[in-house]
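Down below is the structure, laid out as structure tokens.
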Amino acid sequence: MDVIRNRSLDRGITLLDALARYGACSLGDLHKKTGIAKSTIRRLLATMIDRQIVRRSLSDGKYRTNVSMPSGHIEAPTFEQMLTIDIAMPYLMELTKSVEWPSDLHLLEDDWMRIVDSTRPLSPFHLYRGQIDRKINQFGAAGGIACLSAMKDREIEQRIERLGSHRIWGLARFGMPPGQFWQEIEKARSRGYGERLHDYLGDTIIDDSLSAIAVPIIWRDRPVGATTMLWPRTYLSAEEFAASFLQPLDETAAAIMRELEAHDRKSA
């Protein structure tokens, strides 16, 4: 008995399998890895993006899967992470169009933050482009400090204890004892934003020469990520930059949180 195959479905699964195996791919990458015509790939991806099975990142223009595949080794985002990205990025794009400085979207994970997208391509300022889907130290990054400052003290203590003296993800990376780090948490709480540690130069091979401030995204009574704003370190201090740009950053985070809460109400 002949097996009836749906060619469009088969090709769509092939694309998802490639994204799961190889991670973020451009249109050309997918064409090379699957042999499917680019016109067909565009059509299938448009459908999968519309159904939120695939997303295209603003930062690098590459496609990423939102679902797990049996043959894949790339960890797909959770539904909550996917929803946060989908809701947050249009607001961050509008923020960058308004103030011109770029924003990164950070998501909070157990032992680190992760940069999941960025509006740097929209900014007229030529800053270090960075790399998305990159893990960053939560104790050094502005987004991490913003999220930690929104937690209860015991939860912060547990994170510090769990990571201990880890040379990459812990405070040991900065040679900073916990008591000194608590001063940074209190500063963030009193100022209303997280600021990069002076000794944190970005999780890149070279110093990215940037400063950043960030405010947390609170959803279901817990921080799930942070909206950040970046500028050249030599341009202004964090205090001077925040005096001009903290309000629009706060308003953007508030709009994201309202939409996340609205989603919950609709789903209830």
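The values are calculated or read from the model by the stated rules, or taken from the named source; none is laboratory data. The structure presented is a predicted model; accordingly, all values stated were derived computationally and were not measured. No Cβ is skipped: glycine too gets one built from the backbone with ideal geometry, and neighbour counts run over all protein chains shown. To get the accessible areas, we keep the full protein, side chains included, count just its heavy atoms, and leave off ligands, DNA and RNA. Shrake-Rupley method; radii C 1.70, N 1.55, O 1.52, S 1.80 Å.
Here are the numbers for this structure:
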item: Out of Ser237, Ser211, sole residue that is among the small types (Gly, Ala, Ser), loosely packed, with under 15 Cβ neighbours inside 10 Å and out of contact with any Ser or Thr (no Cβ under 6 Å at 6 or more places or on another chain); result: Ser237
item: Residue selected from the range 132-141 under the condition outside any strand (DSSP E or B) and over 13 Å from Leu230 (Cα atoms), by the criterion most open to solvent (accessible area, probe 1.4 Å); result: Asp133
item: Leu19 more than 30 Å from Ala254 (Cβ to Cβ), of a type in the set (A, V, I, L, M) and under 19 Å from the mean Cα position of the chain (by Cα); result: yes
item: Any hit, the range 152-168, residues being assigned to a loop (DSSP other than H, G, I, E, B), on the phi < 0 side of the Ramachandran plot and open to solvent by less than 20 Å² (accessible area, probe 1.4 Å); result: no
item: Residue in the range 186-199 that is under 28 Å from Pro232 (Cα atoms), open to solvent by less than 40 Å² (accessible area, probe 1.4 Å), hydrophobic (A, V, I, L, M, F, W, C) and modelled with pLDDT of 95 or more present; result: yes
item: Residues being of a type in the set (A, V, I, L, M, F, W, C) and closer than 28 Å to Thr78 by Cα - total across the range 221-268; result: 13
item: Hey, Trp231 under 27 Å from Ser59 (Cα atoms), in a strand (DSSP E or B) and either in contact with a strand residue (DSSP E or B) (Cβ under 9 Å, 6 or more places away or on another chain) or open to solvent by 10 Å² or more (accessible area, probe 1.4 Å) (or both) or not; result: yes
item: Single unsatisfied condition, Pro223 versus (1) surrounded by 14 or more Cβ atoms within 10 Å (Cβ to Cβ); (2) part of a helix (DSSP H, G or I); result: (2)
item: Of all residues making up the range 1-21, the number that are part of a helix (DSSP H, G or I), open to solvent by 80 Å² or more (accessible area, probe 1.4 Å) and over 18 Å from Ala76 (Cα atoms); result: 2
item: Hits in the range 22-36 (condition: farther than 24 Å from Ser118 by Cβ, open to solvent by less than 50 Å² (accessible area, probe 1.4 Å) and assigned to a loop (DSSP other than H, G, I, E, B)); result: Ile36
item: Near pairs, Cβ below 7 angstrom, 6+ apart or cross-chain, from the range 235-259 (closer than 18 Å to Pro223 by Cβ and among the charged types (D, E, K, R)) to any residue that is open to solvent by 70 Å² or more (accessible area, probe 1.4 Å) and at pLDDT 95 or above; result: none
item: Yes/no for Thr47 being polar (S, T, N, Q) and over 23 Å from the mean Cα position of the chain (by Cα); result: yes
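Residue-by-condition table, conditions (1) among the aliphatic types (A, V, I, L, M); (2) over 14 Å from the mean Cα position of the chain (by Cα):
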residue: Gln81; (1), (2): no, no
residue: Pro90; (1), (2): no, no
residue: Glu100; (1), (2): no, yes
residue: Asp111; (1), (2): no, yes
residue: Ile115; (1), (2): yes, no
residue: Ser118; (1), (2): no, no
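This table checks each residue for (1) farther than 18 Å from Gly170 by Cβ; (2) at pLDDT 95 or above.
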{"residue": "Thr96", "(1), (2)": "yes, yes"}
{"residue": "Leu105", "(1), (2)": "yes, yes"}
{"residue": "Pro124", "(1), (2)": "yes, no"}
{"residue": "Leu127", "(1), (2)": "yes, no"}
{"residue": "Asn137", "(1), (2)": "no, no"}
{"residue": "Gly143", "(1), (2)": "no, yes"}
{"residue": "Met151", "(1), (2)": "no, yes"}
